[in-house]
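Here the structure comes first, spelled out in structure tokens, and everything after it is commentary.
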Amino acid sequence: MVAPGEDLAPDGIFLASNESVYGPGKVALEAIVSSASTVERYPDDGVGRLADAIGVRFGIDPETICCGFGSDDLLARLARGYLSAGDELIHSAHGYPKIPNYAYANDALPVSAVDRDFTADVDAILQCVTERTRIVMLANPDNPAGTYLSGGEVRRLHERLSPEILLVLDSAYAEYVSAPDYENPLALIKSSTNVVMTRTFSKVFGLAGLRVGWVCGPKEVIDTLKRIGITFPISAPALAACEAALEDRDHFERVVGENHRIREMFSDTLKSLGFEVIPSQTNFALVRFADADQAVCTHRSLEADGVYTRRFAGGEFSRCIRFTLGTEEEMRRCIAVLEKGCQPNG
Ligand SMILES: Cc1ncc(COP(=O)(O)O)c(C=O)c1O
């Protein structure tokens, strides 16, 4: 795997970290540049102002929103606020690999619930619940597999959890979902006391480098998260960019539409070539090979061609490669390498 600082092909394409290949829109970029004239000052209530803008865009009470330094910051804060030593956090076995770390960081125990072919399994999660369970944390849609739980399944899970257990729905890729039975968890958040959703500006809004995320949940939870956050987590350029990006509906629609088109093209083409593609609701696709050797060899062939994708070492993922969805030209280049077949010395 290519490490930072290693020589990369000059015309290399980077399809490893699920960033948006479309970047931010023009208006967000202009807003970043204009904000440079105020950077000698602390950002003026960045968290509150951004919560207002998010509230307007998504029809949410800003009092139920907290913004942070990427959704990573907010997931970590949720764990810090609600886990004590010896508590348990349940996650899905092939779910977002960062989740167990949020438990470890607080001397709590991550409990892995088996899944069904990379999709979270509500019954298996419920079987893991004990009196020490404090948090169930799921990415929906999930990463690295791109799979999702339907709204009905999320509600079934919630109904069977005691209200003392916090259900954290990491919705970093929500904007890319096209499945008709997926549900925005907002209604569930409004009607309960123990559900939160995290979102990010790193994916569809193309602002990963500015590090901005937000969480929506019950006011008491939001209050706790605000208390334990750093002062001024939202920088002035980040605030300006996010406010502009929220208003730029054209860019948003274009990114979602293109992603959808490329996702279908890439998946259908690979399937027609005999590859196994895990059905994705995100801006990436996981391809499963016959065995780990095949995946390692293909990953090397891709790198030799300047295509940098992500391979995971552990368990069932060891025979998979995750491709962030790029432009049509970039994905055609991936397809060409895959079509040529794995080159053992490539
Ligand atoms: C499922 C999931 N959650 C959270 C994050 C963190 O996103 P950020 O901290 O950039 O908001 C990522 C990043 O890739 C992710 O894949």
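Read-outs throughout are calculated quantities, based only on the coordinates presented, and are distinct from any laboratory measurement. For clarity, every value in this text was computed on a predicted model and none was experimentally measured. Quick reminder, even Gly has a Cβ in these numbers, built from the backbone with ideal geometry, and neighbours come from all protein chains shown.
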Nearest-5 percent of antiparallel DSSP beta bridges in the stretch 26-247? 35 percent
Any chance you could count the Lys pairs in the chain whose alpha carbons are under 18 Å apart, treating pairs 8 or more apart or on different chains as valid? 4
Can you sort 247, 276 so the residue with the fewest Cβ neighbours within 10 Å comes first? 276, 247
Just subtract the alpha-carbon distance of residue 93 and residue 29 from 0.36 nm times their residue separation and send over the number in nm, one decimal. 19.2 nm
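Could you give me D for the stretch 26-247, from Stokes-Einstein at 4 °C and 1.567 mPa s, where the hydrodynamic radius is the Kirkwood radius over C-alpha pairs? Units µm² s⁻¹, please.
The estimated diffusion coefficient comes to 73 µm²/s.
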Over the stretch 1-151, what portion of Cα pair distances is larger than 21 Å, expressed as a whole percent? 64 percent
Given contacts defined as C-alpha pairs under 8 Å and at least six residues apart, what's the relative contact order of the chain, whole-number percent? 24 percent
Where does the stretch 108-169 land on Rg(C-alpha)/(2.2 N^0.38 Å)? 1.05
Within 15 Å, Cβ to Cβ, of residue 121, how many net charges do the neighbouring residues add up to if Lys/Arg are +1 and Asp/Glu are -1? -3
Whole-Å semi-axes of the ellipsoid equivalent to the stretch 53-118 (Cα gyration tensor, √5λ, descending): 27, 17, 10
Please compute the modelled spin-label separation between residue 105 and residue 223, points set 7 Å along Cα→Cβ, answer in nm with one decimal. 2.4 nm
Cα-based Rg and Dmax for the stretch 170-226, in Å, come out at 12.6, 34
I'd like to know how the stretch 211-346 sits against the 2.2 N^0.38 Å rule of thumb: what's its Cα Rg over that expected value? 1.38
Spin-label model distance (nm) - residue 276 vs residue 250, 7 Å beyond Cα toward Cβ: 4.5 nm
Which cross-chain or sequence-distant (5 or more) residues have an amide H under 5 Å from the amide H of residue 320, H modelled 1.01 Å from N in plane? 289, 312
Spin-label model distance (nm) - residue 336 vs residue 114, 7 Å beyond Cα toward Cβ: 4.4 nm
Students often check this: by mean Cβ neighbours within 10 Å, which of 42-52, 60-70 ranks highest, and how do the rest follow? 60-70, 42-52
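Given the Cα-Cα distance of residue 57 and residue 128 and 0.36 nm per residue of separation, how much length would full extension add, in nm?
Details: separation 71, 0.36 × 71 = 25.56 nm, distance 3.72 nm.
Gain on stretching residue 57 to residue 128: 21.8 nm.
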Rounding to the nearest 20 debye, state how big the charge dipole of the chain is about its Cα centre with +1 on each Lys and Arg Cβ and -1 on each Asp and Glu Cβ. 200 debye
